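Notes follow once the structure below has been shown.
The values are calculated or read from the model by the stated rules, or taken from the named source; none is laboratory data. Not measured: the values here are computed from a predicted model. Quick reminder, even Gly has a Cβ in these numbers, built from the backbone with ideal geometry, and neighbours come from all protein chains shown. The accessibility values were calculated without ligands, DNA or RNA, using every heavy atom of the protein model including side chains. Shrake-Rupley method; radii C 1.70, N 1.55, O 1.52, S 1.80 Å.
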Amino acid sequence: MSVIYVLLAISISVALVFFAAFVFSVKRGQYDDSYTPSVRMLFEDELLPDLDKEEPENKEIKLTKSTNQ
Amino acid sequence: MTNIRCYHCGDDCNRTRVLFDEKEFCCNGCKTVYEIFTTNGLSNFYDIEERAGTAPNEIRQKYDFLGNKDIVEKLVEFNEEGVQVVNLSIPSIHCSSCIWVLENLNRLHSSITNSQVDFPKKTIRVTYKSEDFSLKALVLLLSAIGYEPYISLEEYNKKNTKVDRSLIYKLGVAGFAFGNVMLFSFPEYFEVEEFWLDQYKPVFRWLMFAFSLPVVFYAGRDYFISAYKGLRSKLLNIDVPIALGILTLFLRSTVDIIFDLGSGFFDSLTGLVFFLLLGKFFQQKTYSFLSFERDYKSYFPIAVTRLNAEGEEENVQIYKIKAGDRILIRNMEIIPVDSILIKGNAEIDYSFVTGESNAVLKESGEKLFAGGKQLSGVLEIEVVKSVSQSYLTQLWGNSVFEKDKITAFQTLTDSIGKRFTIGVLSVAILSTLFWLFYMPSMALNVFTAVLIIACPCAIALAAPFTLGNMLRIFGKHKFYLKNTNVIERLSKIDTAIFDKTGTITTTTKDAILYEGIELTKAETALLKTTLRSSNHPLSRSLYEILKSNAIMTLDEFEEHTGKGVEGKLNKHSIKAGSASYIGESMPNAASDTAVYISSDEDFKGRFVFKNKYRDGVEDLFVTLGKTMNIGILSGDNDGERKQLQDILPSKTNLLFNQKPKDKLDYVKHLQKDHNVLMVGDGLNDAGALAQSNVGVSISEDINVFSPACDAILDASNLTKLPVFLKLSRKSIQIIKLSFLLSLCYNVIGLYFAVTGQLEPVIAAILMPLSSISIVIFTTLMTNMIGKRLKP
């Protein structure tokens, strides 16, 4: 079998992976609000200075939140 | 002292000033919010944006109904194992500080685990533990920091509707296939005669075929459905030639590769569908934070306080109220049902229902209509009709509200599409007939080639991109349209009807005139001091304009709800209130809002509150009057007929005392030979707004209630209305120009098709070229004419 079939299979499956990622992201609603995340990511710094005073429970919540976005 | 602005909300601190932590606040509410923020480590709020806060309103028992389990159950999205998730609409979200503070709600209460803001929609999604926290507590917390959620009957009825994302999927599929097919077909464009390429040609061709399958059968499905629907109702819409084009492209290409006649047109096919969907996507701009479908439901509360047989108060969902029930209406609450007044001083503002701007005084035993707002004190009322049968809500039973304006309107694209389809089909048939006699083997080739090349991609793109871009330009100037179809309808308007109260007048009554014997300095000072203690809206506006600096302590103060106020100092007394309270009346008293003044029981005079017309209204009418008919439909009395006649062109039709139904009927009557634009603001205009060709709702604050309409216009830009109308007409001209342009491409393409020389590579160049040039042309043109809106 010619190598071209292998190459085609690889390239198409790579393309399909990205397509699946696209479908997944739409399904999760990541395109529903395209504005707020852009503002939100700038706030991560503002949280840091007084994080130490917080209870550990709250810290955890905030960390998971930031990874979600 | 004029320039001191509140550290929290940025309002002027003229009336009262609160000093705290070396910062100035306009009221105690703002100070409290500042305190809450700083003590919880949220002082960053003031660093992100300056003076970004909103002054909190007083709440009291307004949200007591959230204690009712059934109601809470309906409002929350998720409620299991001690965790509740709720999505609340908060109109006062407006800046990045808001996002920041609302997403850090967990610092204000430890039971809140997560909160996420959707800025464009102005909503917040909060997850909290319901053990030691509740929806009511959350709402009160939000209200306390100035972010009062908007909870109305509409929310209560809302079904969990799924977001339709199919267009994004289709666009993704088409784009994905388009890109890949382009790559696969690239070698064929150059017709390279090479052993290696020739050997693998079938592989690439069948791959292209495979990629085009989902494009035709999934992404392009809507065009087939729409064309089929059009044909069934004997309409040749623009989707007919498009569907025909897609189908021919697909079948011819498949035949081509099966019999090894050529590489097919899969690249053009996928590209065509991709561009068409792109146009659709661009047109689909929606203002998600606005609602164009509102009816009385978003104006009414969810629950009211009912007095049960034992005289106890209980919160009841509004639909559960039956005739005969006794309910309590508190200050500033809406009366949700037709009822009879039992107890209390009713001073009811019906401006939203009737357009009548003066509050109406009612006495015990009189009938109250749903939709009125109680202005002074608590009322006890007996229900006469249930919510859905009340006078106001019955208006929504009118068939106008079920009519879909879009389906009734034939767009320019569709009317062109009809002629275009006939033209294309006749060219296809004629050229096929010619080739049948001249060289029969070419006939089918030519027939399909004509259908392929004539596929009106560019025509179908002209309208979405022109109108979509115009919609965005209008939106930047605070004129929010429901959809692009409204622009086409706006361009055909030849009659403009305006509501008066709240539309061409401001809602705050600023113009105050004094008639009567001049007040002495001592009297003015006493009057101002007396008014200071009163919370009635008229007292407050009067307080603002009286010029006196003396602040005294009164010996005696009495407020007679619904009647007036009385203040006593050093044996002098002053009374301010309604004519009957003062015991005086002046001619023409009925049609004006006035506060009568008497000093030591001697009648002095009255302050007359005039509706103030919005700035530039006169110019607006002069400009509009040049090109169209103008009319005024007011629910108000004709007290201002004279004033209006002065500022309006002489031909203007003035109608007063119009009930909501009258307005609807008048618009309907006009529509026999005119295209009517209705401009209104309240529920009383809702019928007319729905009936008119284009209903525009004027709003001082676009976040608060506006009735169902086609467009929402910010009150500050009312004077730009003629420009908006003009731009709509220009947009239609741009579309027509683009049709001409795309016709040129079609003629070139048809030359190749009719002469039987259409190669896939020509189609692959011509199709995207025409589409892209149309997109560029329309975008540039709309941006150019949109510059006229700049002040």
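Structure notes:
- Flag if B:Phe176 is assigned to a helix (DSSP H, G or I) and within 21 Å of B:Asp256 (Cα to Cα): no
- Selection status of B:Ser92, within 11 Å of chain A (Cβ to nearest Cβ), assigned to a loop (DSSP other than H, G, I, E, B) and open to solvent by 20 Å² or more (accessible area, probe 1.4 Å): no
- Scope the range B:412-445; condition of a type outside the set (A, V, I, L, M) and open to solvent by 40 Å² or more (accessible area, probe 1.4 Å); matching residues: B:Asp414, B:Lys418, B:Arg419, B:Ser426, B:Phe434, B:Phe437, B:Tyr438, B:Pro440, B:Ser441, B:Asn445
- Filtered residues of the range A:17-37 (kept if within 17 Å of B:Lys121 (Cβ to Cβ), facing another protein chain (nearest Cβ under 9 Å) and either at pLDDT 80 or above or surrounded by fewer than 14 Cβ atoms within 10 Å (Cβ to Cβ) (or both)): A:Gly29, A:Tyr31, A:Ser34, A:Tyr35, A:Thr36
- Residue match in the range B:460-475 (condition: surrounded by 19 or more Cβ atoms within 10 Å (Cβ to Cβ) and either without any contact (Cβ under 8 Å) to a residue 60 or more places away in the chain or part of a loop (DSSP other than H, G, I, E, B) (or both)): no
- Residues of the range B:613-658 that are over 24 Å from B:Asn675 (Cβ atoms), modelled with pLDDT of 75 or more and under 28 Å from the mean Cα position of the chain (by Cα): B:Tyr613, B:Arg614, B:Asp615, B:Gly616, B:Glu618, B:Phe656, B:Asn657.
- Test: residue in the range B:109-127 that is touching a Gly at 6+ places or on another chain (Cβ under 9 Å) and either in the same structural domain as B:Ser89 (by TED's automatic domain parsing) or open to solvent by 50 Å² or more (accessible area, probe 1.4 Å) (or both): no
- Extreme residue, nearest to the other protein chains (Cβ to nearest Cβ), among residues of the range B:64-82 that are surrounded by fewer than 15 Cβ atoms within 10 Å (Cβ to Cβ) and part of a strand (DSSP E or B): B:Phe78
- Unmet criterion (only one of (1) at pLDDT below 85; (2) open to solvent by less than 60 Å² (accessible area, probe 1.4 Å); (3) away from chain A (no Cβ under 14 Å)) for B:Ser212: (1)
- Selection from the range B:743-778 of residues that are farther than 25 Å from B:Pro187 by Cα and under 40 Å from the mean Cα position of the chain (by Cα): B:Leu743, B:Cys744, B:Tyr745, B:Asn746, B:Ser773, B:Ile774, B:Val775, B:Ile776, B:Phe777, B:Thr778
- Residue match in the range B:60-77 (condition: under 17 Å from B:Glu131 (Cα atoms) and of a type in the set (S, T, N, Q)): yes
- Residue list for the range B:113-144, filter: of a type in the set (Val, Ile, Thr) and at the interface with chain A (Cβ under 9 Å from one of its Cβ atoms): B:Thr113, B:Val117
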